[in-house]
Amino acid sequence: MRFKKVLSILIIVVLTAVLGGCNSLKDAVEKAKPLIPKGYELVYIEQVSNNSGIVFYTYETELSVGIFTKNAIGWEWTGSAVGKLVTYPDGLQWRYADLGENGTQYSLYYGKITNKDITSVTVKTTNGETVQGNIVPTDQLRLWYAFVSEPQVPSVNADITGYSSEGKVIYLFSQPKE
């Protein structure tokens, strides 16, 4: 237990030292590269607000996401998530993550769009909030993400819908509601 605490503090100190003073999100991502496990490839960076940015990495068929936040010192790594994407039904793949530390929390759904006809995505959360997803074309694949206002437990109770350019539902993930 004590070892884990010391290791956590050490990692935070190293990340702060490495990333501290980065004036741009791109600089912070570049400085963080040595900390990313081998085999992961950076596929997308976007500043999503004045003080936060999102980063996507791929590893084989996996997709991971990271959040950077800006403070008085510069940009710093806030959190990341990696894991299996929900791949059923066909057309869109997704995962949910709660990212953050020190009181800063980001809750988001993210994934890959595999059906070329999907032009928009919405997430209806467990508390009834409907959020329009952001679709991001990259050289290799189409990504999407949607920040939601509060943590989702269980995350699979959200409705995730993919629409065609005509507004037709061509993807729907929806679990029976109690």
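Is it true that some residue in the range 99-110 is exposed (fewer than 14 other Cβ atoms within 10 Å of the Cβ), touching a residue at least 12 places away in the same chain (Cβ under 8 Å) and part of a strand (DSSP E or B)? No, the range 99-110 contains no residue that is exposed (fewer than 14 other Cβ atoms within 10 Å of the Cβ), touching a residue at least 12 places away in the same chain (Cβ under 8 Å) and part of a strand (DSSP E or B).
Conditions (1) within 22 Å of SER52 (Cα to Cα); (2) of a type in the set (Phe, Trp, Tyr); (3) buried (at least 20 other Cβ atoms within 10 Å of the Cβ); (4) touching a strand residue (DSSP E or B) at 6+ places or on another chain (Cβ under 7 Å), marked per residue:
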residue: VAL82; (1), (2), (3), (4): yes, no, no, yes
residue: ALA97; (1), (2), (3), (4): yes, no, yes, yes
residue: THR114; (1), (2), (3), (4): no, no, no, yes
residue: THR119; (1), (2), (3), (4): no, no, no, yes
residue: LYS124; (1), (2), (3), (4): no, no, no, yes
residue: GLY133; (1), (2), (3), (4): yes, no, yes, yes
residue: LEU141; (1), (2), (3), (4): no, no, no, yes
residue: GLU150; (1), (2), (3), (4): yes, no, no, yes
residue: ILE160; (1), (2), (3), (4): no, no, yes, yes
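In the range 164-178, the qualifying residues are those that are assigned to a strand (DSSP E or B) and open to solvent by less than 60 Å² (accessible area, probe 1.4 Å), and the one that is farthest from GLU41 (Cα to Cα) is ILE170.
For the residues ASN51, ASN71, the requirement of being exposed (fewer than 14 other Cβ atoms within 10 Å of the Cβ), in contact with a Ser or Thr (Cβ under 8 Å, 6 or more places away or on another chain) and modelled with pLDDT of 80 or more singles out ASN51.
Residues checked against (1) of a type in the set (S, T, N, Q); (2) more than 29 Å from THR87 (Cα to Cα):
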{"position": "ALA28", "(1), (2)": "no, yes"}
{"position": "ALA32", "(1), (2)": "no, yes"}
{"position": "GLU41", "(1), (2)": "no, no"}
{"position": "ILE45", "(1), (2)": "no, no"}
{"position": "ASN50", "(1), (2)": "yes, yes"}
{"position": "VAL55", "(1), (2)": "no, no"}
{"position": "TYR59", "(1), (2)": "no, no"}
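Yes or no: VAL65 touching a Ser or Thr at 6+ places or on another chain (Cβ under 8 Å), among the β-branched types (Val, Ile, Thr) and in a strand (DSSP E or B)? In short, yes. Among the residues making up the range 128-171, those that are in contact (Cβ under 8 Å) with a residue 24 or more places away in the chain and among the hydrophobic types (A, V, I, L, M, F, W, C) are VAL136, LEU141, LEU143, TRP144, ALA146, PHE147, VAL148, VAL153, VAL156, ALA158, ILE160, ILE170. A search for C-beta distances below 9 Å between a residue of the range 68-82 that is free of Cβ contacts under 8 Å to residues at least 60 places away in the same chain and outside any strand (DSSP E or B) and any residue that is surrounded by fewer than 21 Cβ atoms within 10 Å (Cβ to Cβ) and hydroxyl-bearing (Ser, Thr, Tyr), counting only pairs 6+ apart in sequence or on different chains, returns ILE73/THR16; GLY74/SER24. Output the residues belonging to the range 28-44 that are without any contact (Cβ under 8 Å) to a residue 12 or more places away in the chain and basic (Lys, Arg). Within the range 28-44, LYS33, LYS38 qualify.
Against the conditions (1) modelled with pLDDT of 50 or more; (2) open to solvent by 90 Å² or more (accessible area, probe 1.4 Å), SER64 satisfies every one except (2).
The values are calculated or read from the model by the stated rules, or taken from the named source; none is laboratory data. Keep in mind it's a predicted model, so treat the numbers as computed, not measured. Here Cβ is always computed from backbone atoms with ideal geometry, including for glycine, and neighbour counts include all displayed protein chains. All accessible areas refer to the heavy atoms of the entire protein, side chains included, with ligands and DNA or RNA removed. Shrake-Rupley method; radii C 1.70, N 1.55, O 1.52, S 1.80 Å.
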